[in-house]
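*Asks:* I have a structure I would like to understand better, so I am pasting it below and will then ask my questions one at a time.
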Amino acid sequence: MYDETQRPDDSRHGPLAGFTVGVTAARRADELGALLQRRGAAVLHAPALRIVPLADDGELLAATKEIIDQVPDVVVATTAIGFRGWVEAADGWGLGEPLLGRLRGVELLARGPKVKGAIRAAGLTEEWSPSSESMAEVLDRLLEEGVDGRRIAVQLHGEPLPGFVEALREGGAEVVLVPVYRWMPPEDLGPVDRLLDAALSRGLDAVTFTSAPAAASLLNRAEERGLVAELLAALSGDVLPACVGPVTALPLQARGVETVQPERFRLGPLVQLLCQELPGRARALPIAGHRVEIRGHAVLVDGDLKPVPPAGMSLLRALSRRPGWVVARAELLRALPGAGRDEHAVETAMARLRTALGAPKLIQTVVKRGYRLALDPAADAKYADA
């Protein structure tokens with residue numbers, strides 16, 4: 001008999017088994033995807049943006065020359081890839097050594113440890129780096145020091161950082177922007193559209209964001225397709241939006257979407273957060289003496305993972321909304337995606353569902369009425385009242 005106090009053993013299949021997670025990252029997507037898959041998740045990768053280097057861009061060349069000609073007091077390096085790209089572009093123009101020479105004599109601030117690594121790889125040493133990796137902490141330090149009359153160069157990381165730059169300028173600083181690369185929409189929108197469609201159909205259990213531009217880009221694409229209201233509803237309900245940090249979450253929060261974020265702004269903690277959140281959102285029911293946990297595209301029956309076809313999952317979710325109660329065939333037919341009007345489709349999908357579960361007695365047929373989950377009689381009344 002099922003014991004309600006027992007927890008599923010995720011060691012056999014991973015805590016994310018049965019869940020589908022969307023990955024919107026352009027950079028380090030393979031790393032994030034591998035971390036998720038290692039814990040059992042199915043991954044749908046759809047880069048919501050692409051990084052366009054500006055090594056041949058006149059704007060970056062002009063900013064580099066300006067820094068060499070008029071040395072700033074402070075240089076803020078925001079990303080490792082951006083800082084490396086800047087130095088490499090300067091080398092290509094024959095300005096590498098002059099640029100490094102200028103950077104050796106300024107107050108060099110690094111947003112985080114990866115940027116520190118890029119700075120030191122270039123033979124430089126940062127003066128300070130925030131423990132939070134937050135640009136807000138960098139800004140606080142600069143404003144506390146006083147920026148009036150100071151010349152501050154900021155290496156951009158794909159977006160203009162309007163709040164950061166404006167606060168410096170309001171404090172009296174002269175700000176030089178160094179645009180090393182830009183975020184652009186992906187050239188192939190097919191994967192993004194498939195991710196959007198999966199979110200709207202609840203084929204995703206979570207979607208991850210590792211940069212604010214990626215979140216903004218996905219919202220923009222939904223707007224272009226006239227689907228932004230539906231996307232916001234999905235992200236506010238069945239599809240969990242997980243962001244690597246508070247800055248990344250800003251475009252979503254501006255639309256009223258609450259997100260989850262790890263305490264440490266890293267891919268590993270982001271995945272660990274999903275390992276806690278998604279199983280906690282799954283519904284576990286005591287059915288016919290078994291513990292049945294309904295996940296995104298699979299079911300755990302007494303800890304054994306049972307992959308279930310999409311039509312079967314639709315039926316199971318419809319039954320689980322009122323466990324123990326009879327659900328009519330007509331209602332189950334409406335739950336089937338694209339099933340039409342033939343109630344025979346319900347019988348076919350139900351037969352496949354029972355086969356997938358490997359325990360036919362979990363779902364009872366009620367003649368001439370429909371189907372019901374065989375909820376244990378000893379189950380708490382809350383299930384019957386659901």
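The values are calculated or read from the model by the stated rules, or taken from the named source; none is laboratory data. These numbers were taken from a predicted model, which means no experiment stands behind them. Glycine gets a Cβ as well: all are built from the backbone with ideal geometry, and neighbour counts include every protein chain shown. Side chains included, ligands, DNA and RNA excluded: accessible areas come from the protein's heavy atoms. Shrake-Rupley method; radii C 1.70, N 1.55, O 1.52, S 1.80 Å.
*Asks:* Those residues that are within 23 Å of Leu300 (Cβ to Cβ) and open to solvent by 20 Å² or more (accessible area, probe 1.4 Å), I need them from segment 21-58; list them, please.
*Replies:* Of everything in segment 21-58, those that are within 23 Å of Leu300 (Cβ to Cβ) and open to solvent by 20 Å² or more (accessible area, probe 1.4 Å) turn out to be Leu35, Gln37, Arg38, Arg39, Gly40, Ala42, Val43, Leu44.
*Asks:* Which one is nearest to Met184 (Cα to Cα) among residues in segment 73-86 that are modelled with pLDDT of 95 or more and open to solvent by less than 10 Å² (accessible area, probe 1.4 Å)?
*Replies:* Step one: filter segment 73-86 for residues modelled with pLDDT of 95 or more, giving 73-77.
Next cut, open to solvent by less than 10 Å² (accessible area, probe 1.4 Å) only: 74-77.
Numbers: Val74: 28, Val75: 25, Val76: 23, Ala77: 21 Å.
Applying the filter and picking the extreme gives Ala77.
*Asks:* Inspect all residues belonging to segment 315-335 and state whether any of them is open to solvent by less than 40 Å² (accessible area, probe 1.4 Å), under 29 Å from Ala359 (Cα atoms) and hydroxyl-bearing (Ser, Thr, Tyr).
*Replies:* yes
*Asks:* Counting only residues that are touching a residue at least 60 places away in the same chain (Cβ under 8 Å) and surrounded by 15 or more Cβ atoms within 10 Å (Cβ to Cβ), give me the helices (runs of 4 or more DSSP H) lying completely in segment 126-214 with at least 3 of them. Can you show your working first?
*Replies:* Details: elements: 135-145, 162-170, 190-200.
Those helices (runs of 4 or more DSSP H) span 135-145, 190-200.
*Asks:* Give the residue that is modelled with the highest pLDDT, with candidates limited to residues of segment 208-237 that are in contact with a Gly (Cβ under 9 Å, 6 or more places away or on another chain) and among the β-branched types (Val, Ile, Thr).
*Replies:* Thr208
*Asks:* Going residue by residue through segment 230-252, is there one that turns out to be of a type in the set (Gly, Ala, Ser), over 21 Å from the mean Cα position of the chain (by Cα) and under 19 Å from Gly14 (Cβ atoms)? Step through it out loud before you land on a result.
*Replies:* Pass one, segment 230-252, residues of a type in the set (Gly, Ala, Ser): 233-234, 236-237, 242, 245, 249.
Now restrict to residues that are over 21 Å from the mean Cα position of the chain (by Cα): none.
So far as segment 230-252 goes, no, none of its residues is of a type in the set (Gly, Ala, Ser), over 21 Å from the mean Cα position of the chain (by Cα) and under 19 Å from Gly14 (Cβ atoms).
*Asks:* So which residues in segment 83-113 are among the β-branched types (Val, Ile, Thr) and in a helix (DSSP H, G or I), if there are any at all? Walk me through how you get there before you give the answer.
*Replies:* Here is the first cut: in segment 83-113, the residues among the β-branched types (Val, Ile, Thr) are 87, 106.
Matches in segment 83-113: Val87 only.
*Asks:* Could you list, in sequence order, the residues of segment 215-226 that are open to solvent by less than 20 Å² (accessible area, probe 1.4 Å) and among the small types (Gly, Ala, Ser)? Show your work before the answer.
*Replies:* Our first condition is that a residue be open to solvent by less than 20 Å² (accessible area, probe 1.4 Å); within segment 215-226, this holds for 215, 218-219, 222.
Result: Ala215, Ala222.
*Asks:* Follow-up question, since we're still on this one. Taking the conditions exactly as written (at negative phi, at pLDDT 90 or above and touching an Asp or Glu at 6+ places or on another chain (Cβ under 9 Å)), does Asp91 satisfy them or not? Please lay out each step first, then the result.
*Replies:* Working: at negative phi: yes; at pLDDT 90 or above: yes; touching an Asp or Glu at 6+ places or on another chain (Cβ under 9 Å): yes.
Here the answer is yes, as Asp91 does meet what is asked.
*Asks:* Kindly provide the set of residues from segment 239-258 that are surrounded by 18 or more Cβ atoms within 10 Å (Cβ to Cβ) and within 20 Å of Arg281 (Cβ to Cβ), ordered by number.
*Replies:* Within segment 239-258, Val239, Leu240, Pro241, Ala242, Cys243, Val244, Ala249, Leu252, Val257 meet the criteria.
*Asks:* Now a separate question. Looking only at segment 87-139, how many residues end up being in contact with a Gly (Cβ under 6 Å, 6 or more places away or on another chain) and more than 28 Å from Pro246 (Cα to Cα)?
*Replies:* Taking segment 87-139 and keeping what is in contact with a Gly (Cβ under 6 Å, 6 or more places away or on another chain), we get 90, 133.
So of that shortlist, the ones also more than 28 Å from Pro246 (Cα to Cα) come out as 90.
Selection size over segment 87-139: 1.
*Asks:* OK, next. Which of the residues that make up segment 338-369 are outside any helix (DSSP H, G or I) and farther than 23 Å from Ala284 by Cβ?
*Replies:* So in segment 338-369, the residues outside any helix (DSSP H, G or I) come out as 338-343, 358-359, 363-369.
Passing the criteria: Gly338, Ala339, Gly340, Arg341, Asp342, Glu343, Thr365, Val366, Val367, Lys368, Arg369.
*Asks:* Condition first: β-branched (Val, Ile, Thr) and either surrounded by fewer than 22 Cβ atoms within 10 Å (Cβ to Cβ) or touching a Cys at 6+ places or on another chain (Cβ under 8 Å) (or both). Can you find one or more residues in segment 263-271 that meet it? Walk me through how you get there before you give the answer.
*Replies:* Filtering segment 263-271 down to residues β-branched (Val, Ile, Thr) leaves 271.
Still in the list and also either surrounded by fewer than 22 Cβ atoms within 10 Å (Cβ to Cβ) or touching a Cys at 6+ places or on another chain (Cβ under 8 Å) (or both): none.
No: segment 263-271 contains no residue that is β-branched (Val, Ile, Thr) and either surrounded by fewer than 22 Cβ atoms within 10 Å (Cβ to Cβ) or touching a Cys at 6+ places or on another chain (Cβ under 8 Å) (or both).
Conditions (1) at pLDDT below 90; (2) open to solvent by less than 20 Å² (accessible area, probe 1.4 Å); (3) not charged (D, E, K, R), marked per residue:
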site: Thr348; (1), (2), (3): no, no, yes
site: Arg352; (1), (2), (3): no, no, no
site: Leu357; (1), (2), (3): no, yes, yes
site: Pro360; (1), (2), (3): yes, no, yes
site: Ile363; (1), (2), (3): no, yes, yes
site: Leu373; (1), (2), (3): no, yes, yes
site: Ala378; (1), (2), (3): yes, no, yes
site: Ala381; (1), (2), (3): yes, no, yes
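*Asks:* Does segment 69-82 hold any residues that are more than 18 Å from Val247 (Cβ to Cβ) and assigned to a helix (DSSP H, G or I), and which are they? If you could, list the steps in order and put the result at the bottom.
*Replies:* Keep residues of segment 69-82 that are more than 18 Å from Val247 (Cβ to Cβ), which gives 69-75.
Matches in segment 69-82: Asp69 only.
*Asks:* Mind listing just one residue for me: the one in segment 92-120 that is open to solvent by 30 Å² or more (accessible area, probe 1.4 Å), closer than 30 Å to Arg266 by Cβ and of a type outside the set (Lys, Arg) and, of those, farthest from the chain's Cα centre (by Cα)?
*Replies:* Filtering segment 92-120 for residues that are open to solvent by 30 Å² or more (accessible area, probe 1.4 Å), closer than 30 Å to Arg266 by Cβ and of a type outside the set (Lys, Arg), the one farthest from the chain's Cα centre (by Cα) comes out as Gly117.
*Asks:* If Gly18 satisfies every condition in (1) open to solvent by less than 40 Å² (accessible area, probe 1.4 Å); (2) modelled with pLDDT under 80; (3) more than 20 Å from Gly82 (Cα to Cα); (4) of a type outside the set (Phe, Trp, Tyr) but one, which is the exception?
*Replies:* Only one criterion in (1) open to solvent by less than 40 Å² (accessible area, probe 1.4 Å); (2) modelled with pLDDT under 80; (3) more than 20 Å from Gly82 (Cα to Cα); (4) of a type outside the set (Phe, Trp, Tyr) is unmet by Gly18, namely (2).
*Asks:* For residues in segment 280-300 being open to solvent by 10 Å² or more (accessible area, probe 1.4 Å) and assigned to a strand (DSSP E or B), which is modelled with the lowest pLDDT? Full working, then the answer.
*Replies:* If we filter segment 280-300 for residues that are open to solvent by 10 Å² or more (accessible area, probe 1.4 Å), which is where we start, we get 280-284, 288-291, 294, 296-297.
Right, trim to assigned to a strand (DSSP E or B) and you get 283-284, 290-291, 294.
Values: Arg283: 85, Ala284: 89, His290: 92, Arg291: 92, Ile294: 92.
My answer is Arg283.
*Asks:* Just name the residue that is modelled with the lowest pLDDT out of those in segment 336-346 that are surrounded by 14 or more Cβ atoms within 10 Å (Cβ to Cβ) and closer than 18 Å to Arg317 by Cβ.
*Replies:* Filtering segment 336-346 down to residues surrounded by 14 or more Cβ atoms within 10 Å (Cβ to Cβ) leaves 336, 339, 343, 345-346.
So of that shortlist, the ones also closer than 18 Å to Arg317 by Cβ come out as 336, 339, 345-346.
Values: Leu336: 87, Ala339: 60, Ala345: 88, Val346: 90.
Looking at the filtered set, the residue picked out is Ala339.
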